[in-house]
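The values are calculated or read from the model by the stated rules, or taken from the named source; none is laboratory data. Keep in mind that what you see is a predicted model, and the values were worked out from it rather than measured. All Cβ positions, glycine included, derive from the backbone under ideal geometry; neighbour counts span all protein chains shown. For accessibility, only protein heavy atoms count, side chains too; no ligands or nucleic acids. Shrake-Rupley method; radii C 1.70, N 1.55, O 1.52, S 1.80 Å.
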Amino acid sequence: MPDGNIGAPVKRREDQRFLTGKGRYTDDIHRQGELHAYFLRSPHAHATVKSISTAGAMGPDVVAIYTGADMAADKVGSLPCGWTVTDRHGQPHKAPPHFPLVRDKVRYVGDHVAVVIATSHAAAKDAAEKIEVDYDVLPANVDTGKYASAPQLHAEAPGNLCYDWVLGDEAAIKQAFAGAAHVAKLDLVNNRLIPNAMEPRAAIAEYDSGTDEYTLWSTSQNPHLLRLILCAFVMGIPETKLRVIAPDVGGGFGSKIYAYAEETVCLWASKKVGRPVRWTAERSESFLADAHGRDHITHVELAMDKDGKFLGLKVDTIASMGAYLSNFATCIPTYLYATLLAGQYTTPVIYCNVKAVFTNTAPVDAYRGAGRPEATYLLERIVEIAAREMKMDPAELRRKNFIQPSQFPYQTPVALVYDTGNYEASLNEALKLIDYKNFPARKAASKAKGKLRGIGFSSYIEACGIAPSAVVGSLGAGVGLWESAQVRFNATGTVTVLTGSHAHGQGHETTFAQLVADQLGIPYENVDVVHGDTGRIPMAMGTYGSRSLAVGGSAIVRACNKVIEKGKKIAAHLLEASVDDIEFKNGNFTVAGTDKSKTMAEVAFTAYVPHKYPADLEPGLDETAFYDPLNFTYPAGTHIAEVEVDPDTGVTTIADWVAVDDFGNVINPMIVEGQVHGGIAQGVGQALLENCVYDADSGQLLTGSYMDYCMPRADDLPSFKVGMTISACTHNPLGVKGCGEAGAIAAPPALMNAITDALGVMHMDMPASPEKVWRVAQGK
């Protein structure tokens with residue numbers, strides 16, 4: 001297959017600038033007369049702010065110092081939560097205000113107290129240290145499980161409860177369990193994680209008094225959504241007066257979806273001081289104030305008959321929201337979590353109760369996988385425990401309960417309808433690649449060396465695309481979740497694609513160019529992809545939830561189809577034929593049954609030089625399309641991890657890793673494999689190394705740097721064996737499903753199942769650090 005076409009492993013074109021240092025990130029951008037912002041952050045987890053004195057901090061290099069009172073005077077609003085969750089009593093979730101700069105209390109270490117605007121970063125930082133704040137320190141709680149007895153964080157949320165939500169039939173679940181021959185039970189913690197994108201968050205804001213317009217450069221995954229939030233909910237300015245530009249962005253993983261206090265303050269302050277204001281997070285600030293991920297406490301029970309057939313699943317979860325609600329925090333442990341609890345299985349009855357609670361910690365929101373990793377972790381851990389208790393092979397127990405290909409479309413008991421899948425095919429391929437039949441021999445060989453070997457499975461499913469708009473709207477989403485695309489031919493036959501799907505490591509500039517080249521039959525090199533600028537691209541929803549190709553790519557296909565339909569009319573006129581007789585294939589418009597044809601480039605030139613042109617057709621070849629999916633897409637697969645544990649040191653070595661995924665049709669297999677590798681690395685990080693810890697008494701973040709928060713490195717990972725099966729999505733034009741989060745979803749349970757198998761124990765909570773593993777191995 002020639003380069004540029006669908007299915008070809010084309011090298012990423014954007015890597016040329018990234019690998020040669022030519023990327024252009026927010027911090028690389030400078031504006032004339034710019035000033036620097038530095039934020040004074042709370043040193044306390046919970047305190048009343050009695051007074052703030054800034055007089056001693058002013059100096060020749062300090063232009064201004066602002067507090068929450070200044071923003072309140074200008075009627076700057078609260079950062080909103082964009083998804084309303086209705087609780088079990090029919091009431092909306094509790095939504096305390098989240099002001100960009102605090103007005104009365106600080107509620108976590110790192111909360112935003114004041115901002116200094118100065119001529120340099122150093123001057124702003126020095127001045128911030130001279131601000132005098134009188135705090136009345138209050139008791140704090142950082143323990144998700146102790147929310148009910150903890151001091152009150154917000155008057156709007158009695159008992160620190162955001163919502164008490166349920167999904168499923170409680171009477172039916174009781175009946176299912178009453179008839180069970182065996183019930184497996186597990187208490188687990190899904191540990192809190194701190195996102196660590198390579199590029200820290202940054203913003204530059206500029207106000208033009210001549211036009212009364214703002215420009216904001218931001219490290220955002222979805223610039224249009226950021227513009228909407230700032231204009232409609234926070235700043236109260238028309239969308240036409242704010243341009244948001246997200247240039248090259250060095251990773252996001254969900255943490256750059258949201259509207260944060262820092263960019264909001266910079267935007268507001270740029271008008272106050274009449275000069276551009278810039279801010280780039282120090283890494284310590286990122287640890288403190290980027291939205292964190294996970295942080296669940298869960299009790300799960302799985303009911304089975306005597307043969308191991310699943311009868312019912314019951315889940316009770318307490319999910320931390322942190323001190324405030326981030327933009328999409330409420331939907332993560334509900335609609336992106338409980339709706340995935342069926343997994344790949346035919347479990348007939350599922351009941352889930354989620355209590356979302358406030359704690360004196362950084363806000364929690366979507367982090368790579370967003371609810372799906374939490375659901376998969378508890379499900380694949382309880383299935384593994386059930387297999388051990390029932391003395392069944394874990395692969396065969398899964399196989400016994402898989403949804404079969406003949407059962408699709410499959411209505412789960414937790415609202416979702418899976419359109420297609422072949423879970424047994426992925427399992428079979430994974431078993432083959434891991435050489436499962438010879439695992440006992442490898443285990444014996446490890447034992448002879450004094451090592452413990454284990455194997456662990458994870459048969460995951462996820463819901464991607466986060467749509468359709470009508471469905472998510474009925475569930476409380478504050479925005480539509482469609483995507484837009486514009487395909488614009490130039491007169492010389494080159495194409496500019498304007499997409500709302502922002503790229504920050506996914507390779508969109510390559511994949512989307514391949515897609516358009518294939519659809520329009522033009523050279524791959526002739527396609528340029530543009531994203532990340534609300535001043536250039538149509539209104540769009542951005543990148544998250546592995547939706548870029550399934551939703552953004554489908555919008556591009558629709559726009560290409562419009563281009564082709566118009567091209568047929570132009571070609572028909574040039575070829576003196578009926579439009580109905582024009583066929584399009586491989587970049588050529590041909591009169592059916594003849595050799596008369598025109599190339600796409602010839603048609604595009606005619607569209608812009610319309611000397612011989614249909615009288616009733618407007619010139620130009622430039623089409624825009626929107627795509628709102630009919631359903632989620634459902635990537636699935638099986639990952640198998642094999643580990644060797646040294647009982648004398650507690651060190652876990654990943655001996656082998658197999659990932660067999662079904663992503664539907666694949667545009668660029670090299671990019672897909674890279675996404676799988678990266679996702680597994682992050683999942684391994686959670687399972688082995690990463691753990692956000694706050695001090696129980698002071699509320700201080702103890703893991704506030706890389707000295708204390710351990711990230712995965714190359715030598716922590718094996719060479720992955722990646723395989724693919726294909727069951728094409730049935731409801732988008734490409735048959736694609738999404739691949740960006742699969743590794744992070746599948747990896748933690750696969751690895752923890754392998755480690756506990758090696759140790760001969762039922763459970764241990766993540767991360768499986770050497771000390772923890774050593775203690776278990778030594779029976780301590």
Kindly indicate whether Thr725 is modelled with pLDDT of 95 or more, over 16 Å from Ile194 (Cα atoms), of a type in the set (Val, Ile, Thr) and surrounded by 15 or more Cβ atoms within 10 Å (Cβ to Cβ).
yes
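Determine, yes or no, whether Ser218 is touching a helix residue (DSSP H, G or I) at 6+ places or on another chain (Cβ under 8 Å), of a type in the set (Gly, Ala, Ser) and open to solvent by less than 10 Å² (accessible area, probe 1.4 Å).
It is true that Ser218 is touching a helix residue (DSSP H, G or I) at 6+ places or on another chain (Cβ under 8 Å), of a type in the set (Gly, Ala, Ser) and open to solvent by less than 10 Å² (accessible area, probe 1.4 Å).
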Need the failing condition index for Asn631 against (1) touching a helix residue (DSSP H, G or I) at 6+ places or on another chain (Cβ under 7 Å); (2) buried (at least 19 other Cβ atoms within 10 Å of the Cβ); (3) farther than 30 Å from Ser320 by Cβ; (4) not basic (Lys, Arg), just the number.
(1)
Filter region 603-625 down to the residues that are crowded, with 17+ Cβ neighbours inside 10 Å and assigned to a helix (DSSP H, G or I), then identify the one that is farthest from the chain's Cα centre (by Cα).
Thr606
Only unsatisfied item for Lys566, checking (1) assigned to a helix (DSSP H, G or I); (2) modelled with pLDDT under 95, is (2)
Give me the pairs, please: first residue somewhere in region 7-23 and within 18 Å of Gly674 (Cα to Cα), second residue anywhere and at pLDDT below 95 and exposed (fewer than 13 other Cβ atoms within 10 Å of the Cβ), beta-carbon distance under 7 Å, and either six or more positions apart or on two chains.
Gly7/Met1; Ala8/Met1
Among the listed residues Ala370, Ala303, Ala342, identify the single one that is assigned to a loop (DSSP other than H, G, I, E, B), open to solvent by less than 10 Å² (accessible area, probe 1.4 Å), in contact (Cβ under 8 Å) with a residue 12 or more places away in the chain and touching a strand residue (DSSP E or B) at 6+ places or on another chain (Cβ under 7 Å).
Ala342
For region 388-434, what are the residues that are open to solvent by less than 20 Å² (accessible area, probe 1.4 Å) and free of Cβ contacts under 8 Å to residues at least 60 places away in the same chain?
Phe402, Ile403
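Conditions tested, residue by residue: (1) touching a residue at least 40 places away in the same chain (Cβ under 8 Å); (2) assigned to a loop (DSSP other than H, G, I, E, B); (3) within 24 Å of the chain's Cα centre (by Cα).
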| residue | (1), (2), (3) |
| --- | --- |
| Lys130 | yes, yes, no |
| Ala150 | yes, yes, no |
| His154 | yes, yes, no |
| Ala180 | yes, yes, no |
| Val183 | yes, no, no |
| Pro200 | yes, yes, yes |
Hey, does region 754-769 have a residue that's more than 30 Å from Gly507 (Cα to Cα) and touching a His at 6+ places or on another chain (Cβ under 8 Å)?
yes
Can you say whether Ser286 is surrounded by fewer than 24 Cβ atoms within 10 Å (Cβ to Cβ), outside any strand (DSSP E or B) and among the small types (Gly, Ala, Ser), as far as the supplied structure shows?
yes
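Residue-wise test of (1) at positive phi; (2) of a type in the set (Val, Ile, Thr).
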site: Pro647; (1), (2): no, no
site: Ala655; (1), (2): no, no
site: Val660; (1), (2): no, yes
site: Gly664; (1), (2): yes, no
site: Ile667; (1), (2): no, yes
site: Met670; (1), (2): no, no
site: Gly679; (1), (2): no, no
site: Gly683; (1), (2): no, no
Looking at (1) open to solvent by less than 20 Å² (accessible area, probe 1.4 Å); (2) on the phi < 0 side of the Ramachandran plot; (3) of a type in the set (Gly, Ala, Ser), which is the one condition that is false for Gly110?
(2)
Does region 654-674 contain any residue that is surrounded by fewer than 17 Cβ atoms within 10 Å (Cβ to Cβ), farther than 30 Å from Leu549 by Cβ, small (Gly, Ala, Ser) and in contact (Cβ under 8 Å) with a residue 40 or more places away in the chain?
no
Would a scan of region 75-95 turn up a residue that is open to solvent by 60 Å² or more (accessible area, probe 1.4 Å) and more than 27 Å from Cys162 (Cα to Cα)?
no
So how many residues does region 212-239 have that are more than 16 Å from Gly500 (Cα to Cα), in contact (Cβ under 8 Å) with a residue 12 or more places away in the chain and not in a strand (DSSP E or B)?
9
The residue that is nearest to Ala747 (Cα to Cα), considering only those in region 435-454 that are touching a strand residue (DSSP E or B) at 6+ places or on another chain (Cβ under 9 Å) and in contact (Cβ under 8 Å) with a residue 40 or more places away in the chain, is Gly454
Region 240-257, residues that are over 22 Å from Ala370 (Cα atoms), in a loop (DSSP other than H, G, I, E, B) and open to solvent by 30 Å² or more (accessible area, probe 1.4 Å)
none
Being farther than 22 Å from Cys352 by Cβ and either outside any helix (DSSP H, G or I) or open to solvent by less than 50 Å² (accessible area, probe 1.4 Å) (or both): is that true of Leu379 here?
no
Against the condition within 30 Å of Ala615 (Cβ to Cβ), at pLDDT 95 or above and not β-branched (Val, Ile, Thr), how does His573 come out, does it pass?
yes
Test result for Pro60, open to solvent by 50 Å² or more (accessible area, probe 1.4 Å) and assigned to a loop (DSSP other than H, G, I, E, B)
yes
Quick one: in region 390-403, of everything that is of a type in the set (A, V, I, L, M, F, W, C) and within 32 Å of the chain's Cα centre (by Cα), which residue is farthest from His182 (Cα to Cα)?
Ile403
Within region 534-556, which residues are open to solvent by 10 Å² or more (accessible area, probe 1.4 Å) and touching a Pro at 6+ places or on another chain (Cβ under 6 Å)?
Thr534
Every residue from region 575-601 that is assigned to a helix (DSSP H, G or I) and surrounded by fewer than 17 Cβ atoms within 10 Å (Cβ to Cβ):
Val579, Asp580, Asp581
Flag for Ser406 being more than 23 Å from the chain's Cα centre (by Cα), hydroxyl-bearing (Ser, Thr, Tyr) and under 27 Å from Gln675 (Cβ atoms)
no
For region 358-412 the number of residues that are farther than 15 Å from Ala750 by Cα and among the β-branched types (Val, Ile, Thr) is 5
Among (1) part of a loop (DSSP other than H, G, I, E, B); (2) polar (S, T, N, Q); (3) farther than 28 Å from His677 by Cβ - the single one Thr543 does not satisfy
(3)
Within the bounds of region 710-720, is there any residue that is out of contact with any Leu (no Cβ under 8 Å at 6 or more places or on another chain), among the aromatic types (Phe, Trp, Tyr), in a loop (DSSP other than H, G, I, E, B) and open to solvent by 80 Å² or more (accessible area, probe 1.4 Å)?
no
